[in-house]
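The values are calculated or read from the model by the stated rules, or taken from the named source; none is laboratory data. A quick note: this is a predicted structure, and the numbers were derived from the prediction, not measured. Counting neighbours? That spans all protein chains shown, and the Cβs are built from the backbone with ideal geometry, glycine included.
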């Protein structure tokens, strides 16, 4: 059995600025050892711990699809020592990676369903991973209609802009990108995510919703989903922002009787409704 505390060595391939304020970057890593690459498998929604020697480690959701075999993406907001060090990495540098950890989105349960993706800000990373997983030619036939609502506070904070443009050109996905407040160059939707969601027509009977974003977005989006007729067991949330050690040892991510890092980070709303409202 692999030591869960022992990180896998990874090489930095790219470190790309995502936002106008330069506070969010997407780090692309590859495996230094072929054997590590061969045995690494994950489900969209899972996370890892990235470590920088001398700085420490921190948890990050995997932002790329498992169908992309040669590299792994992580979208990182600079908020502290470890994330600042990760932002400063250059191609060829090495980092440690522990994982994959936690569960992921319920891929098998979602087959043949219409999928409603709702993301806000930095929380869109693992939703991007699952969307790309569904859009892969080998997988698209296993899912029904795909609708994506993605919002940010302003246009400069939108992630994956080139990819969003590619999705807009496809005829097998409905994309709704919105910002709280636009600027003189913004031509898209303006309004907070719950308002945009409320305007959509959803086949509630055969739709499953995946939600990840800031707590305030989640708070006001869930009542809208209920109004649209989506039951708690049809809605899944990712609580990746509560990740800590990743293996259930530190106890800092617990919600009632659950450890988010081992029982989650993906939970159905039906599960969360039975727990203290701490998310």
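Set side by side, the residues 224, 216, 197 differ, and just one is out of contact with any helix residue (DSSP H, G or I) (no Cβ under 9 Å at 6 or more places or on another chain) and in a helix (DSSP H, G or I), which is 216. Could you identify the single residue in 184, 166 that is assigned by TED's automatic domain parsing to the domain that holds residue 155, surrounded by fewer than 17 Cβ atoms within 10 Å (Cβ to Cβ), free of Cβ contacts under 8 Å to residues at least 24 places away in the same chain and more than 19 Å from residue 145 (Cβ to Cβ)? Checking each option against the conditions leaves just 184.
Comparison of 45, 102, 119 shows that the only residue that is closer than 30 Å to residue 209 by Cα, crowded, with 21+ Cβ neighbours inside 10 Å and at pLDDT below 95 is 102. Scan the range 225-243 for residues that are closer than 26 Å to residue 5 by Cβ and in contact with a strand residue (DSSP E or B) (Cβ under 7 Å, 6 or more places away or on another chain) and jot them down. Matches in the range 225-243: 238, 239, 240, 243.
Considering the range 59-82, the residues that are under 19 Å from the mean Cα position of the chain (by Cα) and under 18 Å from residue 252 (Cβ atoms) include one that is surrounded by the fewest Cβ atoms within 10 Å (Cβ to Cβ), namely 79.
Based on what the data block shows, is residue 106 in contact with a helix residue (DSSP H, G or I) (Cβ under 9 Å, 6 or more places away or on another chain) and either touching a residue at least 12 places away in the same chain (Cβ under 8 Å) or under 30 Å from residue 230 (Cα atoms) (or both)?
On the way: in contact with a helix residue (DSSP H, G or I) (Cβ under 9 Å, 6 or more places away or on another chain): no; either touching a residue at least 12 places away in the same chain (Cβ under 8 Å) or under 30 Å from residue 230 (Cα atoms) (or both): yes.
When the stated conditions are applied, residue 106 does not pass them.
The residues of the range 125-139 that are in contact (Cβ under 8 Å) with a residue 24 or more places away in the chain, crowded, with 18+ Cβ neighbours inside 10 Å and in contact with a helix residue (DSSP H, G or I) (Cβ under 9 Å, 6 or more places away or on another chain), listed by number, are 125, 126, 128, 130, 131, 132, 133, 135. Each residue in the range 63-113 was checked for being in a helix (DSSP H, G or I), in contact with a strand residue (DSSP E or B) (Cβ under 8 Å, 6 or more places away or on another chain) and over 24 Å from residue 269 (Cβ atoms), and 6 pass.
Every residue, every condition in (1) under 18 Å from the mean Cα position of the chain (by Cα); (2) over 18 Å from residue 65 (Cβ atoms); (3) part of a strand (DSSP E or B), yes or no:
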{"position": "134", "(1), (2), (3)": "yes, no, no"}
{"position": "144", "(1), (2), (3)": "no, yes, no"}
{"position": "147", "(1), (2), (3)": "yes, yes, yes"}
{"position": "164", "(1), (2), (3)": "yes, no, no"}
{"position": "167", "(1), (2), (3)": "yes, no, no"}
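Checked against the criterion of being in contact with a helix residue (DSSP H, G or I) (Cβ under 6 Å, 6 or more places away or on another chain) and more than 21 Å from residue 243 (Cβ to Cβ), the candidates 151, 92 yield just one match: 151.
Of the residues making up the range 16-46, those that are under 20 Å from residue 164 (Cβ atoms) and assigned to a strand (DSSP E or B) are 16, 17, 24, 25, 26, 27, 28. Taken over the range 230-277, residues that are modelled with pLDDT under 90, in a loop (DSSP other than H, G, I, E, B) and either buried (at least 22 other Cβ atoms within 10 Å of the Cβ) or on the phi > 0 side of the Ramachandran plot (or both) amount to 8.
Here 214, 194 are screened, and the one residue that is assigned by TED's automatic domain parsing to the domain that holds residue 119 and surrounded by fewer than 20 Cβ atoms within 10 Å (Cβ to Cβ) is 214.
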